[in-house]
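Pasting a structure here, questions to come.
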Amino acid sequence: MTTVFESKHVQDLLHRASGKDQKDGDPRFKEIMYDLLSGLFQTIEKHNVTEDELWKAVNFIGEASPELGLIVPGIGLEHYMDVLMDEADKKQGITGGTPRTIEGPLYVEGAPLSQGEAVMSDKEDDGEVLMMEGVIKDTDGNPVPNAMVEVWHADTRGFYSHFDPTGLQADFNNRRRIQTGADGKYKFRSIMPVGYSVPPNGSTDRLMKAMGRHGSRPAHIHFFVQAEGYRHLTTQINIADDPLVYDDFAYATREELIPELNRTSDHAEINFDFELVPNSDAVRYELSERKRLSA
């Protein structure tokens, strides 16, 4: 039996709605729109989606706009892009390098710059002191001089500066840029971050609950690492003993990004080296284009 989707009327509709019957417009965009609409039309027919359900979905998308930066990783879309880039590297025979993982929506440009080492917290709270250090290396194990390490993380309440609803944090609390020297070493002192959950009863939370999922992340620390002649690295590490380390709603956990955590009587220590892949025509990778907050 021919489905409604397969009918000439709907196929003509798809052709026109995606602009494929027009000379003007972007050919690549029209092909993408055609496939997106095709998938949507087939899903609606397969599941007997009602008009009420359709408009509830449209209304949700409109309301969800402020939380799209959370929804995109929450539905696995941001991680899927990483998977595709990993596969592209594999096909090019590219090996080595610290694994990439999602950026998330909470980066802010313009953090204070330090040389070699930094104190992350502008106003330290009562959390556990964290000391983290390592070396920026190339794929042969040599130090990369003059690398830039950008690091940002949440405080002990799970809030990020610039996004803290309480307004208690300084603008760049727990955000720094660290310029390495000839030895490629970086080091910082901070306070151990905690995991956090999406805003309660917000769009992301409602979406997760509709799928029977939670909206929580383990404690983690974000990094951009870059140097002249090397691919930009977007990644993050997870805190090894967090109970959600393998149950991140944003799918950012990678085994290579869970460094050993050592504790002394008065602080915790993490030693982690970043490995950068040299740029070439085949493997060039720059910071992705997305809207980011600048302060």
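The values are calculated or read from the model by the stated rules, or taken from the named source; none is laboratory data. These numbers come from a predicted model, not from an experiment. Counting neighbours? That spans all protein chains shown, and the Cβs are built from the backbone with ideal geometry, glycine included.
Residue by residue, here is whether (1) surrounded by 14 or more Cβ atoms within 10 Å (Cβ to Cβ); (2) touching a Lys or Arg at 6+ places or on another chain (Cβ under 9 Å); (3) within 26 Å of residue 100 (Cα to Cα); (4) aromatic (Phe, Trp, Tyr) holds:
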residue	(1), (2), (3), (4)
1	no, no, no, no
5	yes, yes, no, yes
29	no, no, no, yes
37	yes, no, no, no
44	yes, no, no, no
55	no, no, no, yes
58	no, no, no, no
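Could you grab me the full set of residues in the stretch 195-234 that are among the β-branched types (Val, Ile, Thr) and within 22 Å of residue 99 (Cα to Cα)? Give the derivation first.
Quick first cut of the stretch 195-234, residues among the β-branched types (Val, Ile, Thr) only: 198, 204, 221, 225, 234.
Answer for the stretch 195-234, where residues must be among the β-branched types (Val, Ile, Thr) and within 22 Å of residue 99 (Cα to Cα): 221, 225, 234.
Can you name the residue in the stretch 253-262 that is touching a residue at least 12 places away in the same chain (Cβ under 8 Å) and over 19 Å from residue 234 (Cα atoms) and, of all such residues, is surrounded by the fewest Cβ atoms within 10 Å (Cβ to Cβ)? Spell out how you get there, then give the answer.
Narrowing the stretch 253-262 to residues touching a residue at least 12 places away in the same chain (Cβ under 8 Å): 253-254, 256-261.
Next cut, over 19 Å from residue 234 (Cα atoms) only: 260-261.
Working: 260: 9, 261: 18.
For the stretch 253-262, the residue satisfying everything is 260.
On to the next question. Given 282, 295, which one is modelled with pLDDT under 90, closer than 27 Å to residue 130 by Cβ and either outside the structural domain of residue 111 (by TED's automatic domain parsing) or surrounded by fewer than 18 Cβ atoms within 10 Å (Cβ to Cβ) (or both)? Reasoning before the result, please.
Details: 282 fails: closer than 27 Å to residue 130 by Cβ.
Just one listed residue meets the conditions, 295.
Name the single residue that is surrounded by the fewest Cβ atoms within 10 Å (Cβ to Cβ) among those in the stretch 214-252 being part of a loop (DSSP other than H, G, I, E, B), in contact (Cβ under 8 Å) with a residue 60 or more places away in the chain and touching a helix residue (DSSP H, G or I) at 6+ places or on another chain (Cβ under 9 Å). Give the steps one after another, and end with the answer.
Quick first cut of the stretch 214-252, residues part of a loop (DSSP other than H, G, I, E, B) only: 214-215, 218-219, 227-229, 231-232, 239-252.
Those still in the list that are in contact (Cβ under 8 Å) with a residue 60 or more places away in the chain too: 215, 219, 227-228, 231, 249-252.
Then keep just the ones that are touching a helix residue (DSSP H, G or I) at 6+ places or on another chain (Cβ under 9 Å); that gives 215, 249-252.
Details: 215: 21, 249: 22, 250: 24, 251: 19, 252: 23.
Step by step, filter the stretch 214-252, then rank; the result is 251.
Now for a separate question. Which residue pairs have Cβ atoms under 8 Å apart, sit 6 or more places apart or on different chains, and have a first residue in the stretch 69-92 that is among the small types (Gly, Ala, Ser) and crowded, with 20+ Cβ neighbours inside 10 Å and a second that is assigned to a helix (DSSP H, G or I) and modelled with pLDDT of 95 or more?
Filtered contacts from the stretch 69-92: 74/204; 74/207; 74/208.
Only one residue in 96, 127 is over 22 Å from the mean Cα position of the chain (by Cα), of a type in the set (Gly, Ala, Ser), surrounded by 14 or more Cβ atoms within 10 Å (Cβ to Cβ) and in a loop (DSSP other than H, G, I, E, B), so which one is that? Explain how you work it out, then say what you get.
Working: 96 fails: over 22 Å from the mean Cα position of the chain (by Cα).
Answer to the check: 127.
Residue by residue, here is whether (1) in contact with a His (Cβ under 6 Å, 6 or more places away or on another chain); (2) farther than 22 Å from residue 194 by Cα; (3) assigned by TED's automatic domain parsing to the domain that holds residue 148; (4) of a type in the set (Gly, Ala, Ser) holds:
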| position | (1), (2), (3), (4) |
| --- | --- |
| 37 | no, yes, no, no |
| 91 | no, yes, yes, no |
| 98 | no, yes, yes, no |
| 110 | no, yes, yes, yes |
| 118 | no, no, yes, yes |
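Would you say residue 62 is more than 19 Å from residue 287 (Cα to Cα) and small (Gly, Ala, Ser)? Talk me through it step by step, then tell me what you get.
Values: more than 19 Å from residue 287 (Cα to Cα): yes; small (Gly, Ala, Ser): yes.
The answer is yes for residue 62.
Restricting to the stretch 164-207, name every residue that is touching a residue at least 40 places away in the same chain (Cβ under 8 Å), under 22 Å from the mean Cα position of the chain (by Cα) and part of a loop (DSSP other than H, G, I, E, B).
171, 172, 173, 174, 192, 193, 194, 195, 198, 199, 202
Part of a strand (DSSP E or B), over 17 Å from residue 82 (Cα atoms) and of a type in the set (D, E, K, R) - does that describe any residue in the stretch 278-288?
Within the stretch 278-288, the subset part of a strand (DSSP E or B) is 278.
Filter again for over 17 Å from residue 82 (Cα atoms), leaving 278.
Subsequent filtering for residues that are of a type in the set (D, E, K, R) retains none.
No: zero hits.
Quick one: would you say residue 70 is touching a Pro at 6+ places or on another chain (Cβ under 7 Å) and either assigned by TED's automatic domain parsing to the domain that holds residue 160 or under 18 Å from residue 211 (Cα atoms) (or both)?
Values: touching a Pro at 6+ places or on another chain (Cβ under 7 Å): yes; either assigned by TED's automatic domain parsing to the domain that holds residue 160 or under 18 Å from residue 211 (Cα atoms) (or both): yes.
Spelling it out, residue 70 is indeed touching a Pro at 6+ places or on another chain (Cβ under 7 Å) and either assigned by TED's automatic domain parsing to the domain that holds residue 160 or under 18 Å from residue 211 (Cα atoms) (or both).
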